Amino acid sequence: MSFGFELAISILLVIGGIFIFVGSFGLLRLPDFYTRLHAPTKATTVGLGSILLCSMLTAYATEGRFSISELLITLFLVITAPVVAHMLAKVAMHHKVRMFAKTKHTELVDTARMQQPPASDSSSKLDS
């Protein structure tokens, strides 16, 4: 393996480790559920993407082939992490999970909590 590959792999591993550490540290130290949810979904996604890219480079440098499985894992992670974070935050909002005292614009959350989904009454559709 050439020095260029080893350097790129090392840099990607360090970047991935730093991002995963920051995401994990944020999960432990942030004050409420909503901010704790934000840290791992953003930072850890970038960290794991970096480590998976490192794995792809290692496979190419040692075996001479691209590993498509790491690329698919990265794609799946990038697509699903924001969706899961949004769903968790929405459920927490509707279950009235407490927010940090210094959170700004809490009136928007109260407005969103009061909104009800449209009624699915089939008889009202038939009358119109």
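The table below lists the values:
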read-out	value
DSSP loop chymotrypsin sites (Phe, Trp or Tyr not before Pro) with at most 15 other Cβ within 10 Å excluded, longest remaining stretch of the chain	1-65
Spatially near lysine pairs across the chain, Cα under 27 Å, sequence gap of 8 or more or different chains	7
In sequence order, calculated HN-Hα J values of the stretch 99-109 (Karplus, 6.51, -1.76, 1.60; Hz; x Gly/Pro)	9, 4, 4, 8, 5, 8, 6, 5, 5, 5, 5
Candidate values (1) 7.8; (2) 8.6; (3) 12.5, label of the one derived for mean projected area of the Cα convex hull in nm²	(3)
Order of 28, 88, 75, 37 under a 10 Å beta carbon neighbour criterion, fewest first	28, 75, 88, 37
Residue order, fewest to most surrounding Cβ atoms within 10 angstrom, among 65, 113	65, 113
Efficiency of FRET between residue 115 and residue 78 - r from beta-carbon atoms, R0 25 angstrom, step 0.05	0.25
C-alpha center-to-center spacing [the stretch 83-108, the stretch 1-41] in angstrom	24
Among 112, 85, 43: highest mean-square fluctuation, GNM of the chain, C-alpha pairs under 10 Å	112
Spin-label pair residue 60/residue 100, simplified geometry with 7 Å Cα→Cβ offset, distance in nm	3.9
Extension gain from residue 87 to residue 18, taking 0.36 nm per residue of separation minus the Cα-Cα distance	22.2 nm
Per-residue Cβ neighbour rank within 10 angstrom, fewest leading, 102, 42	102, 42
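Only the coordinates and a few stated rules stand behind these numbers; no lab work does. Here the structure is a predicted model, which means the values were calculated and not measured. Reconstructed Cβ throughout: ideal geometry from the backbone, glycine too, with neighbour counts over all protein chains shown.
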